[in-house]
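The structure appears below as structure tokens.
Since every read-out is calculated from the coordinates, none of them should be taken as a lab result. None of these values were measured; they are calculated from a predicted model. Cβ placement follows ideal geometry from the backbone for every residue including glycine, while neighbour counts extend to all protein chains displayed.
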Amino acid sequence: MDIKYALVEFLCKNFMVDEDEIDLNESLIDQGIIDSFGLVEISAFLESAYGIVTQQEQMVRDNFGSVHKIVAYVERWRS
Amino acid sequence: MSMDRCTRCILSGAFPGISFDENGVCSFCRDEIIASTDATAVDEARKRVDALFSQKGVRVDYDAVICYSGGKDSTYTLKQAVEKYRLKVLAFTLDNGFISPTAFANIRRVVDNLGVDHILFRPAKAVFNKIIRTCVFEKVYLPGSLRRISAGCYACISMVNNLALRLALEKKAPFIIAGFTLGQIPANAIIYQNNYRFLADSRKRSLDILKTQAGPEIGKYFLLPDDLVDSVTTYPYTINLLCLEEVTEEQIVAAIAPIGWQAPQDVDGCSSNCRLNVFNNYVHRLKFGYSPYELELSHLIRNNLLSRSEALEKVRKQPQDQLESVMRHLQITKDQLLQIVPVRK
């Protein structure tokens, strides 16, 4: 499944938002969609879906700052 | 189908993203929406906790700083940390000025009976009250952060988390133990290790609003000093031990009675230590149309740890006299509260 599609589907189901409410270029925290626990949930989702184990030093804005950045982080990890 | 409340759990029709079938059962109970509370995550967390605790240091003064509110859940968690996991703990309590006198007596008896060190921190009362007032009248936290918790509790717990992190770093304790239950937090967040700088950056918007209203000095409650952050090589793990236990409220109360815990009578049905909770719940209902405890209590119902009638009793036990007492302390009138514009989806 497409990474972006899978991530957005995960966000919609777990954080009770509609797809059109998510700005793919903005921080999910800044948009009020997730809080700090949400970050932990997303990293757990990446681990279960793609086998990515995120260390605390990788949990930075460059990797988790938006849906597009998370997708790019997954793609980097897989390549 | 439009409903006031799910017929199986206690989620309200006002809860974001909810829908009901022809029997009045909500989409959360039908598992149309994944609530991230699966048993697999809990099993994995148990294994990780065992592995992490097996590596605990012998040369540190404390294995863990434990956030100890004096409520039944954190008392049980403290007991588990000391007696089951054999951790050397430093108990930490934030006195927000609204802790029930009975809860204070509980705290003293319990830490004495368990033989643990204890630190109490009380922020300046006028400043703390300004923080709570700001949470009432300003949009400090965005709605997505407030589905499991009221804004006032969010601010208070953010202070607890930050001060506990500071203590853990200063004492070089590798763990922070918190007493959240499943439903209060997602199952994937039982154990976590956050990047502080990213989180502090992400919380800037809410902290700026609080600072504008309550004064710039409140930064010390929500942020770590720069020199401490610069010196950190690794952050402690935060572990919510209670999430690993399948235990009913009745069993918790029975387990902590022998170490001196008694139920306070001057709190609402959803708290066992804090008199401010009734007020925070009231404001949350005004804004969102549902209790901030519905998600947590519904989780307990689905896991057969609480009956629906017991859960309803908890959310409905919101004593008016205590609400009015807290409002007087905060210098907030009912007319002011009625001007709050509901934020309902």
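Convex hull of alpha carbon positions in chain A: directionally averaged projected area 4.7 nm². For the protein assembly as shown, the calculated P(r) over all alpha carbon pairs, in 20 Å bins from 0 to the bin holding the longest distance, is 26, 62, 12, 0 percent.
Rounded to the nearest whole Hz, the Karplus-based 3J(HN,Hα) values (6.51 cos²θ - 1.76 cosθ + 1.60, θ = phi - 60°) of segment B:6-20 follow the sequence 4, 7, 9, 9, 10, 5, 7, x, 7, 5, x, x, 7, 9, 10, with x at glycine and proline. Taking amide H as placed 1.01 Å from N in the peptide plane, B:Ile119 has its amide H under 5 Å from the amide H of B:Ala91, B:Phe92, B:Thr93, each at least 5 places away in sequence or on another chain. The mean sequence separation of alpha-carbon pairs under 8 Å and at least six residues apart, normalised by the residue count of chain B, gives a relative contact order of 24 percent. Only helices reaching 24 angstrom along their own axis (Cα) with mean Kyte-Doolittle hydropathy no lower than 0.0 count here, and for the DSSP H runs of chain B these are B:151-171.
Fewest-first ordering of B:His284, A:His68 by other beta carbons within 10 Å of each residue's beta carbon gives A:His68, B:His284.
Think of it as helices only: each DSSP H run of n ≥ 4 in the protein assembly as shown is worth -39500 (n - 2.57), and spread over all residues that comes to -14000 deg cm²/dmol at 222 nm. In plain terms, the residue of A:Thr54, B:Thr7 with the fewest other Cβ atoms within 10 Å comes first and the most crowded comes last, giving B:Thr7, A:Thr54. By how many degrees, between 0 and 90 and to the nearest 10, does the Cα long axis of helix A:3-15 differ from the longest principal axis of chain A? Compared with the principal axis, the helix lies near 50 degrees. Excluding the site residues themselves, the longest part of chain B lacking any GluC sites (Glu not before Pro) in a DSSP loop with at most 12 other Cβ atoms within 10 Å is B:23-245. Using the alpha-carbon positions of segment B:247-345, Rg (one decimal) and Dmax (whole number) come out as 15.3, 47 Å. Computed over all pairs of different Cα atoms, the Kirkwood value for the hydrodynamic radius of chain B is 20.9 Å. Across segment A:3-78, C-alpha contacts under 8 Å between residues 6 or more apart give a mean separation that, scaled by the residue count, equals a relative contact order of 34 percent. Altogether, the Stokes-Einstein calculation at 4 °C and 1.567 mPa s, with the Kirkwood radius of segment B:81-214 over Cα pairs as Rh, returns a diffusion coefficient of 78 µm²/s.
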